[in-house]
Amino acid sequence: MGVPVLLHSVHDGAEAIAYLKGDGKYAQRAEFPLPDLLLLDLKMPLANGFEVIQWVRAQPRLSALRIVVLTTSDQVVDIDRAHRLGANSFLVKPVSFSEFRDTVQTLCHYWLSLSRTPYTSRPPRKQAEP
């Protein structure tokens, strides 16, 4: 059930937004393409997962990006908030490695093989002022 995946990871929510915007070191789209699926943890520094979801959904060119929350929280308030903000799915990280591996394989198979990817594009880059 393996699905070939090109994986890019970032360290915090601000870096996730920079990646999606194509800012700074992420400016080269060939090297840092937009994802077909965004996996988000809720508990990230600088901008948490809720803030990233909110930012993505406010971007007309990224608003269709599929977002799956994969986090340790199983709090109903977090699940409801993530869905209200626009997450497509909410999964609780399993504790054991084998269960985690199975969960990631299943979500990759569904979202990257069975489900069809909507069109997304980066916001246009601002031109430097003369």
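FYI, it's all coordinate maths here, none of it is from the lab. Everything numeric in this text was worked out from a predicted model, so none of it was measured. Counting neighbours? That spans all protein chains shown, and the Cβs are built from the backbone with ideal geometry, glycine included.
For SER96 and ALA30 in the same chain, what is the full-extension length gain: residue separation times 0.36 nm, less their Cα-Cα distance, in nm? Before the final figure, lay out each step's value.
Numbers: separation 66, 0.36 × 66 = 23.76 nm, distance 3.53 nm.
Gain on stretching SER96 to ALA30: 20.2 nm.
At q = 0.24 Å⁻¹, what log₁₀ I(q)/I(0) does region 13-114 have when each alpha carbon counts as one equal point scatterer in the Debye sum?
Summing over Cα pairs of region 13-114 leads to -1.37.
Out of region 1-71, which GluC sites (Glu not before Pro) are coil in DSSP terms and have no more than 12 other C-beta atoms within 10 Å? Provide the component values of the computation, followed by the final result.
On the way: sites: GLU15, GLU31, GLU51; in loops: GLU31.
Taking region 1-71 and a limit of 12 other Cβ atoms within 10 Å, the loop GluC sites (Glu not before Pro) found are GLU31.
Once phi is turned into θ = phi - 60°, what whole-Hz ³J(HN,Hα) does the Karplus curve with 6.51, -1.76 and 1.60 give for every residue of region 48-55, x standing for Gly and Pro?
6, x, 4, 5, 5, 4, 4, 5
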